[in-house]
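Participant: Sharing a structure with you now.
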Amino acid sequence: MSGTPGAPAAGPVARVRGFLAHLRLNGFTVGPAEAEAAVSLIAAIDPPDAVATRLGLKTMLAGERGEWERFDELFAAYWFARGVKRTGTIRSSAAEREPGPPPIWHRVLPPGAQADAVRSIEPHQPAGDKGDAPETPAPTVASRREALMRADLGRLSSANDIAEAERIAERLARALRYRLSRRRLPARTGDVVDLRRTLRRNLSRGGEPVELLHKNRPERPVNLVLLLDVSGSMRLYSRYLVSFVRGLLGCWLKADAFAFHTRLIHLTDVLREGDRRRAMDRLSLIVEGFGGGTQIATALKTFNDRYAREALNSRSVVVIMSDGYDTDPPEMIAAELRRLKGRARRLIWLNPLLGWRDYAPVARAMAAAMPFIDCFAAAHSLASLAALEGEFARV
Amino acid sequence: MTLDFKPLQQALAGVGYIADDGLAMALCLVVGLRRPLLIEGEAGVGKTEVAKAMAAVLNTRLIRLQCYEGLDANATLYEWNYQRQLLAIRAHERDQLSADAVERQVFSAPYLLRRPLLESISQETSPVLLIDEIDRADEEFEAFLLEILSDFQVTIPELGTIRAQSIPHVVLTSNGTRALSDALRRRCLYSYVDFPDETKELTILRARLPGVDERLAGQIVRFVQLLRREHLEKKPGIAETIDWASALMGLDIRALDADPRVVQASLLCLLKTEADLKSVPPEVSARLIGKVA
């Protein structure tokens, strides 16, 4: 692939192909058909004009708002080697790929994680909250925490357990899936003949019921929206939570997933990728700054402003997975959650810290968020996720 | 084929539609490549108007299909005119025509009610087909639409296959209340229309309301621009700006700071929900007016 900005391949057609590869790396869905159309489009712009070309290609190759907004930057980066520097690379051949989790996970979870769990816990202390007395653990609690953490990490290390997380997610999904509506609505097929509409429709045939119209109780799929915190303080849990999210998406008709640390990133397409390792690879590219600080409220605001209208309806269940350590002011998270609650039916907050004994939601953001949460549950281990089933069934 | 969007942009301006370069290029491609264009954007940024302006520029018919929940293929393609068929059968009862002959007659073109999609492919010159608010229709309809948009032919069992005489210029709009399928997105060209900036909105306002006072127009546009930055449920679109401007002209207001009480009352042209109206009390509007006056 010759999609490296700054070193484009020779020849106009090859360069266009390189540009499309560059777009693909950045998450665009473009194929050979688009390549052909793009080449003929560029040829058709006469006299050649950079602005017209950019606008034309943008119209042709972007498919949704996010792509539309990023296109100009990507265009300038490729053709004028300007601005954007790609931070990750995708190895071109699958053969080069070494077995095991993708590199991003090495950073989050070093291979020897199990052995030196204690050391890898240290960065877990959320930097922003160090000064706040309430959530700084007393030393006695800390030792117990370490033991618990070790147990958590031990579970994480095997591939079986990741599969287990996905299986649990699937079970939960089934518990939630469909609720039948009470009303009957006109439908193409149904168990009851809609007498009124049948009569009306067949009036033109002298009242002979030639065409039967039916009604049925429509299935109302519960609509699930998942917001996953991937910031530094969550890094121990992110991995299996990602598997959990992936499991929910896999068997869900209507589900959307987002990750956030200081920004909000739409994950659904990435996690729907069939191959788990490739999904994680792509995820690692997208979640740039993974393990940085957290701005929950800012992320929620982006969600409310940009995606909420499309993603949420009155049957939506929003699941936020976060420890609630936020660097934004707590009033802001309260305001954003209020907006979110106005659009969704239920708000579930899964907090890994809740699994610890003696945990109380005293982090300021968490305390501010509490009034808006319908269900506040633990998510520190697979067992705690499995225990959610009853909770989900009641939604 | 050469593509140049400037002439089209000027022609659109001639019929009162101010399109930015991106949108003009998109429309130019619609005409040049004969591919459908999907336009997304907030309500009231002029998505539907695009199609109307296009039809005016190309001097062709505008055929509009308004989508709604439960819209099905019948309502968009064709239906048989049952009443007329029944009448014809009754009328032929005395003619001793054979049943076959009667059937052939009542299932012929004159008894066919053409709905927008069929109508749009049976025109001699390419019409503009506007499929409005596609996000309101069901997913099944979206799939059906994809088929029509790729083949441009319709099969009616009694009549046979009708092929398009001319391929229509298709414009789809979406307000983003539902995520559209990737298949539809891939088939279409894409354009996102944002709220216009101050200069563009002022140009639009002048084009639409030629009689508007220069100073007032500037104030109105700046006010609306500021208002969009407030936290509102529904941000006012261009249509609202134009409504409000004509309301203010009708109220004989020369400047926003002249009569704050009337201006406050007229805000209902811009703010369409109760919560939004409440979130802009007189103090807020006074602050905004202070900034623009």
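The values are calculated or read from the model by the stated rules, or taken from the named source; none is laboratory data. Given the structure is predicted, the values throughout are model-derived calculations rather than measurements. Neighbour counts run over all protein chains shown; Cβ positions are idealised from the backbone, glycine included.
Participant: Hey, can you tell me all the residues within segment B:142-182 that are within 14 Å of chain A (Cβ to nearest Cβ) and of a type in the set (Ser, Thr, Tyr)?
Facilitator: Scanning segment B:142-182 gives B:150, B:173, B:174, B:177, B:181.
Participant: Is segment B:77-90 home to any residue that is of a type in the set (A, V, I, L, M, F, W, C), over 38 Å from the mean Cα position of the chain (by Cα), away from chain A (no Cβ under 14 Å) and farther than 30 Å from residue B:139 by Cβ? Give the derivation first.
Facilitator: Residues of segment B:77-90 that are of a type in the set (A, V, I, L, M, F, W, C), as a first pass: B:77, B:80, B:86-89.
Pick out the ones that are also over 38 Å from the mean Cα position of the chain (by Cα) and you get B:88-89.
Subset that is away from chain A (no Cβ under 14 Å): none.
The answer is no, given that none of the residues of segment B:77-90 is of a type in the set (A, V, I, L, M, F, W, C), over 38 Å from the mean Cα position of the chain (by Cα), away from chain A (no Cβ under 14 Å) and farther than 30 Å from residue B:139 by Cβ.
Participant: Can you tell me which residue among B:30, B:45 is away from every other protein chain (no Cβ under 12 Å) and touching a residue at least 12 places away in the same chain (Cβ under 8 Å)? So that I can check it myself, show each step before the final result.
Facilitator: On the way: B:30 fails: away from every other protein chain (no Cβ under 12 Å).
The conditions single out B:45.
Participant: Take residue A:290 and decide whether it is modelled with pLDDT of 70 or more and either more than 23 Å from residue B:134 (Cβ to Cβ) or more than 14 Å from the chain's Cα centre (by Cα) (or both). Spell out how you get there, then give the answer.
Facilitator: Working: modelled with pLDDT of 70 or more: no; either more than 23 Å from residue B:134 (Cβ to Cβ) or more than 14 Å from the chain's Cα centre (by Cα) (or both): yes.
Answer is no for this residue.
Participant: Quick check, is residue B:236 in contact (Cβ under 8 Å) with a residue 12 or more places away in the chain, more than 14 Å from chain A (Cβ to nearest Cβ) and under 30 Å from residue A:54 (Cβ atoms)?
Facilitator: So residue B:236 does not fit the description; no.
Participant: Still on this structure, I have one more. Counting just the residues of segment A:362-395 that are assigned to a loop (DSSP other than H, G, I, E, B) and surrounded by fewer than 21 Cβ atoms within 10 Å (Cβ to Cβ), which one comes out modelled with the lowest pLDDT?
Facilitator: Looking only at segment A:362-395, we keep the residues that are assigned to a loop (DSSP other than H, G, I, E, B), and these are A:362-363, A:373-374, A:379-381, A:387, A:394-395.
Restricting the remaining residues to those that are surrounded by fewer than 21 Cβ atoms within 10 Å (Cβ to Cβ) gives A:362, A:373-374, A:381, A:387, A:394-395.
Details: A:362: 70, A:373: 87, A:374: 85, A:381: 73, A:387: 74, A:394: 58, A:395: 53.
Among those residues, the one meeting the criterion is A:395.
Participant: If you don't mind, another one. State which residue is nearest to residue B:40 (Cα to Cα) when the search covers only segment A:311-334 and only residues that are within 13 Å of chain B (Cβ to nearest Cβ) and buried (at least 18 other Cβ atoms within 10 Å of the Cβ).
Facilitator: Out of the qualifying residues, it is A:311.
Participant: Now, a different point. Residue by residue through segment A:185-217, note down the ones that are at pLDDT below 85, in a loop (DSSP other than H, G, I, E, B) and closer than 21 Å to residue B:138 by Cβ.
Facilitator: Those that are at pLDDT below 85, in a loop (DSSP other than H, G, I, E, B) and closer than 21 Å to residue B:138 by Cβ: A:188, A:189, A:190, A:191, A:211, A:217.
Participant: Among the residues of segment A:14-27, which ones are touching a residue at least 40 places away in the same chain (Cβ under 8 Å) and within 15 Å of residue A:269 (Cα to Cα)? Please lay out each step first, then the result.
Facilitator: Here is the first cut: in segment A:14-27, the residues touching a residue at least 40 places away in the same chain (Cβ under 8 Å) are A:18-20, A:22-23, A:25-27.
Matches in segment A:14-27: A:25, A:26, A:27.
Participant: Enumerate the pairs (first residue in segment B:97-112 and part of a helix (DSSP H, G or I); second residue anywhere and among the small types (Gly, Ala, Ser) and modelled with pLDDT of 85 or more) with beta-carbon separation below 9 Å, excluding pairs fewer than 6 apart on the same chain, so at least 6 apart or on different chains.
Facilitator: As it stands, the answer is B:102/B:88; B:105/B:88; B:106/B:88; B:111/B:88, since those pairs meet every condition given.
Participant: Of all residues in segment B:14-27, count the ones that are more than 19 Å from residue B:195 (Cβ to Cβ), away from chain A (no Cβ under 14 Å) and aliphatic (A, V, I, L, M).
Facilitator: Of the residues in segment B:14-27, 1 are more than 19 Å from residue B:195 (Cβ to Cβ), away from chain A (no Cβ under 14 Å) and aliphatic (A, V, I, L, M).
Participant: Of all the strands (runs of 3 or more DSSP E) wholly in segment B:37-80, which have at least 1 residues that are among the basic types (Lys, Arg), modelled with pLDDT of 90 or more and assigned by TED's automatic domain parsing to the domain that holds residue B:128? It would help to see each step written out before you state the result.
Facilitator: On the way: elements: B:37-41, B:62-66, B:78-80.
Strands (runs of 3 or more DSSP E) meeting the threshold: B:62-66.
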